[in-house]
Amino acid sequence: MLKYRFDETALRIEESANENDVEFRIAIVSDHSPMLEGLKRVRQEFDENRVYTDVLFYHYPNHEYKVIVRKDYYVDFVLELMKQRVLRSVEWAD
């Protein structure tokens, strides 16, 4: 399991596990363009790979997103958030 931190003044992330996937609710709190751009790059990364059902993005008004991540792509997704500077830190949790 991964533990991650993010800037709570710019971003809100809620995570819940389902049977075969993990659902993220991500909201950009303000028009924080680096967060928006980072999240767009994360989406682009998964949209352009060969696996169509690994990560599914749903966009809602006011910069809110629902992201459904297959459990076997959870680590890849969280690390991509880190790579695109959406997250501040990621570490393995016991």
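The values are calculated or read from the model by the stated rules, or taken from the named source; none is laboratory data. Owing to the predicted nature of the structure, the values given are computational and were not obtained by experimental measurement. Cβ coordinates were reconstructed from backbone atoms using ideal geometry, including for glycine residues, and neighbour counts include every protein chain displayed. For the accessible areas, the whole protein counts, side chains as well, though only heavy atoms, and no ligand, DNA or RNA atoms are used. Shrake-Rupley method; radii C 1.70, N 1.55, O 1.52, S 1.80 Å.
Restricting attention to segment 48-63, report how many residues are over 18 Å from Leu11 (Cα atoms) and either open to solvent by less than 90 Å² (accessible area, probe 1.4 Å) or not in a loop (DSSP other than H, G, I, E, B) (or both).
6
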Failed criterion for Lys66 (all others in (1) among the charged types (D, E, K, R); (2) open to solvent by less than 50 Å² (accessible area, probe 1.4 Å); (3) not in a strand (DSSP E or B) hold): (3)
Can you tell me which residue among Val90, Val22, Val86, Val42 is part of a loop (DSSP other than H, G, I, E, B), in contact with a Phe, Trp or Tyr (Cβ under 8 Å, 6 or more places away or on another chain) and open to solvent by less than 80 Å² (accessible area, probe 1.4 Å)? Val86
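To keep it simple, each residue is scored yes or no on (1) more than 14 Å from the chain's Cα centre (by Cα); (2) open to solvent by 50 Å² or more (accessible area, probe 1.4 Å).
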residue	(1), (2)
Lys3	no, yes
Asp7	no, no
Ile28	no, no
Asp31	yes, yes
Met35	no, no
Gly38	no, no
Phe46	no, no
